[in-house]
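Notes follow once the structure below has been shown.
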Amino acid sequence: QVRLVESGGGLVQAGGSLRLSCAASGSISSLDMGWYRQTPGKQRVFLARISSSGYIVYDRSVKGRFTISRDNTQNTVYLQMNNLRPEDTAVYSCGAFGYNLWGQGTQVTVSS
């Protein structure tokens, strides 16, 4: 079974950037992958999805600021986050679309 591990989170000032990584323990080449975020007491929210063929969909809240990409040779999905805002503060997780397959998440905190 493929496991997902997120990394790259941290504390950043508003307007700054972070790049998150989602490393898989096996091949993800056939999977549609997505990034999500969740704040305490709230449901996980969709941010971006990249299909196995590279087709990308963003939620409007991050479109133009965040970029999802994948490197199947590294079994890794990335989320480049630019112009971060305090409201972006959350735990960011990656998952395989259509599967109950998630990483543990990485904390992103954006200070004002």
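Heavy atoms of the protein chains alone define the surface here; on that basis the chain has 55 Å² accessible area per residue at 1.4 Å probe size. On average over all directions, what projected area in square nanometres does the range 55-112 have, based on the convex hull of its Cα atoms? It is 4.8 nm². Size descriptors for the chain (Cα atoms only): Rg and Dmax, in that order, 13.0, 40 Å. Charge dipole of the chain (Cα centre as origin; +1 on each Lys and Arg Cβ, -1 on each Asp and Glu Cβ, all else neutral): 160 debye, rounded to the nearest 20. Sorting the segments 52-58, 104-110 by their mean number of nearby beta carbons within 10 angstrom, highest to lowest, gives 104-110, 52-58. Charged side chains reduced to their Cβ positions (Lys and Arg at +1, Asp and Glu at -1) give the range 24-84 a dipole of some 300 debye around its Cα centre.
Computed on the range 1-78, with alpha-carbon pairs under 8 angstrom and 6+ residues apart, the relative contact order is 28 percent. Here the accessible area of the chain is 46 percent carbon and sulfur, with a 1.4 angstrom probe and all protein chains present.
The values are calculated or read from the model by the stated rules, or taken from the named source; none is laboratory data. Keep in mind that this is a model prediction, so the values were computed, not measured. Methodologically, a virtual Cβ is constructed for each residue, glycine included, from the backbone with ideal geometry; neighbour enumeration extends over all protein chains shown. In case anyone asks, the SASA skips ligands and DNA or RNA and just uses the protein heavy atoms, side chains included. Shrake-Rupley method; radii C 1.70, N 1.55, O 1.52, S 1.80 Å.
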